[in-house]
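The values are calculated or read from the model by the stated rules, or taken from the named source; none is laboratory data. Just so we're clear, the structure is a prediction, and the values are computed from it rather than from any experiment. Cβ coordinates were reconstructed from backbone atoms using ideal geometry, including for glycine residues, and neighbour counts include every protein chain displayed. Please note that ligands, DNA and RNA were not included when accessible areas were found on the heavy atoms of the full protein model with its side chains. Shrake-Rupley method; radii C 1.70, N 1.55, O 1.52, S 1.80 Å.
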Amino acid sequence: MSWMTPKRAFLGAAAAEGGTKLNAFDNALLKLGIGNVNLVKLSSVIPAHIEWMEKVHDVPIGMLLPTVYSHIESDEPGMTISAALGVGISEKNEGGLIYEYSGYCTKEEAEEMVRKMVEEGFAKRGWKLGEFRVASAEITVKDKPAAAVAVVVMFPY
Amino acid sequence: MSWMTPKRAFLGAAAAEGGTKLNAFDNALLKLGIGNVNLVKLSSVIPAHIEWMEKVHDVPIGMLLPTVYSHIESDEPGMTISAALGVGISEKNEGGLIYEYSGYCTKEEAEEMVRKMVEEGFAKRGWKLGEFRVASAEITVKDKPAAAVAVVVMFPY
Amino acid sequence: MSWMTPKRAFLGAAAAEGGTKLNAFDNALLKLGIGNVNLVKLSSVIPAHIEWMEKVHDVPIGMLLPTVYSHIESDEPGMTISAALGVGISEKNEGGLIYEYSGYCTKEEAEEMVRKMVEEGFAKRGWKLGEFRVASAEITVKDKPAAAVAVVVMFPY
C-alpha cells in the first residue's frame, strides 16, 4: 500500500509571523505550500529510491501527508529562532536519514547541528553518505509571534 | 485511498479525573467515545465536503483514527484547566481549518483564543467563513489529577 | 484496510548513548530493530486478536509503522532515566491497553507506574485483565547524552 512506504518527498523551510504562535506556524506552512493539508508527524527515515520534488503540487485540502518536521515559535522580541532538517541520502539512494534541530540560534548553527547528527547516524549504521541536503529557516522576533519551520513532506505517489 | 482524505468527522470535548494524568486523559477520551481507538495526531485541516457526525459510532478496538486534539492535564488542586478546538468551515464546505488551545484558563477564554486563530487563518487564505464551531472542556482540579480534552476525530468512511 | 487496524505487534525496550540526545534516541531504536523505519506515534490501544512478534523482522527502509512509544533523553551526568510501557491484554485477547511512563527514576519505578495505569484503565472499562506485559529500559548518564525508549510497534500484516 502506497501510504506505507512513500515514493516522493519535498524538503523545505520557511519562517513567518502571525497573530499567535500557532498562526505564525500556520503561515510558515502556507509559504511552503502545505498549509492546507494534514501533517502526520513521523520519526525520520527516507525510503529507498525516493524521488525529490522541487515544490509541493496541488493536493486535496485536508489530505493526510506523512511529514518530518522541526519547528520553533517565539513571542520574545529580539530573539532569533531557527529550525533545520538535515537529510543524508545513502549511496545509490538506498535509503536515508533525517535529523531535526530547532532552538534559539542562527540557522547556520542549526544546520551544523543536523549535519553532525546525520554523520553520526550514518556512521552508526555503517552506511555511506552519498548526498547531504539541508533546509533551514531563521527569524528574529519583532512585535508579533514568529515561527521557523523545516519539513520533509512525503507523498504516497 | 480513503485513509488519506477523511470523509466524516466528529467534534467534541470532555473533562475527567483519573488516578494519574494519563488515566485522566484516558477517561476524558472514554467520555467522548474514543477511549478504545488509536489516535494518530494531525495538524489541522478539514477536507472538503466533510460530513459531521453527532457521535462516534462503534469502531473496532485499536483502529487508527486521524485526530486533531488539544489537551491539558494537571494535578495542582484549585487550578482550572481548559482545552478548546475551533473549527472554521468555508462557504460551500470546500474545506476548513482547526485551531487548538489549552491552558490554565476558563473555557470561555480558550474558546476566544481559538475563534481569533480561525479568523486569522481564514483571512490569511482569503477564504470566507461559512460556519464556526467550537468544542471546549474545563475542569477545576480537586484531589485527583484531571484532564481537559477537545478533539476532531476524522473517519475514512 | 490493514493499516487501519493492526494485526501484529512487537513490544520492546532499550537504552543507548549517542553524540546528541536525538542520536541517543536513534541508537536505542536501532537496538530494537526499528531504527530504519518511520514511527507514527499513536495513543495506545491494542486491537483485538493481535498476534505478538518476538522480534521485528526485516521491513522496508522508511516504511510507516504505527507505534506507541515512551521515551526520555538526558545529558546530565549521574542521572538515571527510565522508560516503560505496560500492556494489558483482555481475556480472550479481545483488545488491550497500553500505558506509558518515563522519568528520572529506576525502571522498577517506571514499571510500577504503568502497572497501576493499566489496572485503572481496565477497571474503568469493566474489562478483565487476561495478561500483563511490560517493557522497560534504564540508563545512567555518563559523559554522553543517553536515551531510554519503550515501544509497541504495530504491523498491518
Whichever residue in the stretch C:1-22 is open to solvent by less than 20 Å² (accessible area, probe 1.4 Å), outside any strand (DSSP E or B) and more than 10 Å from chain A (Cβ to nearest Cβ) and, among such residues, is modelled with the highest pLDDT: C:Pro6
Criterion: of a type in the set (Gly, Ala, Ser) and under 20 Å from B:Thr140 (Cβ atoms) - qualifying residue of B:Ala9, B:Ala14, B:Ala48: B:Ala14
Subset of the stretch A:71-91 (residues that are out of contact with any helix residue (DSSP H, G or I) (no Cβ under 8 Å at 6 or more places or on another chain) and within 12 Å of another protein chain (Cβ to nearest Cβ)): A:Ile89
Every residue from the stretch C:48-64 that is within 14 Å of chain A (Cβ to nearest Cβ) and assigned to a loop (DSSP other than H, G, I, E, B): C:Val56, C:Asp58, C:Val59, C:Pro60, C:Ile61, C:Gly62, C:Met63
C:Val37 vs. criteria out of contact with any helix residue (DSSP H, G or I) (no Cβ under 8 Å at 6 or more places or on another chain), open to solvent by less than 10 Å² (accessible area, probe 1.4 Å) and either within 30 Å of A:Lys7 (Cβ to Cβ) or of a type in the set (A, V, I, L, M) (or both): yes
Residues (open to solvent by 80 Å² or more (accessible area, probe 1.4 Å) and of a type in the set (Asp, Glu)) located in the stretch B:90-107: B:Glu91, B:Glu94
Every residue from the stretch B:16-36 that is of a type in the set (Phe, Trp, Tyr) and on the phi > 0 side of the Ramachandran plot: none
Residue list for the stretch A:58-88, filter: open to solvent by 10 Å² or more (accessible area, probe 1.4 Å), modelled with pLDDT of 95 or more and farther than 19 Å from C:Leu39 by Cα: A:Ile72, A:Glu73, A:Asp75, A:Glu76, A:Pro77, A:Gly78, A:Met79, A:Thr80
Index of the failed condition, A:Lys116 passing every other in (1) open to solvent by 60 Å² or more (accessible area, probe 1.4 Å); (2) touching a residue at least 24 places away in the same chain (Cβ under 8 Å): (2)
Failed item, numbered, when C:Val153 is tested on (1) part of a loop (DSSP other than H, G, I, E, B); (2) at pLDDT below 95: (1)
Residue list for the stretch C:65-98, restricted to those being touching a Phe, Trp or Tyr at 6+ places or on another chain (Cβ under 9 Å), in a strand (DSSP E or B) and free of Cβ contacts under 8 Å to residues at least 60 places away in the same chain: C:Gly86, C:Gly88, C:Ile89, C:Ser90, C:Gly96, C:Leu97
Lone qualifier among C:Ala137, C:Ala110, C:Ala148, C:Ala123 - being within 14 Å of chain B (Cβ to nearest Cβ) and open to solvent by less than 60 Å² (accessible area, probe 1.4 Å): C:Ala110
Any hit, the stretch C:96-106, residues being among the hydrophobic types (A, V, I, L, M, F, W, C), under 17 Å from the mean Cα position of the chain (by Cα), closer than 18 Å to B:Gly62 by Cβ and within 14 Å of another protein chain (Cβ to nearest Cβ): yes
Failed criterion for B:Leu30 (all others in (1) under 15 Å from the mean Cα position of the chain (by Cα); (2) open to solvent by less than 10 Å² (accessible area, probe 1.4 Å) hold): (2)
The stretch C:23-46: number of residues that are of a type outside the set (D, E, K, R) and away from chain B (no Cβ under 14 Å): 13
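Criterion first (out of contact with any Phe, Trp or Tyr (no Cβ under 8 Å at 6 or more places or on another chain) and open to solvent by 40 Å² or more (accessible area, probe 1.4 Å)) does C:Pro47 satisfy it? Spell out how you get there, then give the answer.
Values: out of contact with any Phe, Trp or Tyr (no Cβ under 8 Å at 6 or more places or on another chain): yes; open to solvent by 40 Å² or more (accessible area, probe 1.4 Å): no.
When the stated conditions are applied, C:Pro47 does not pass them.
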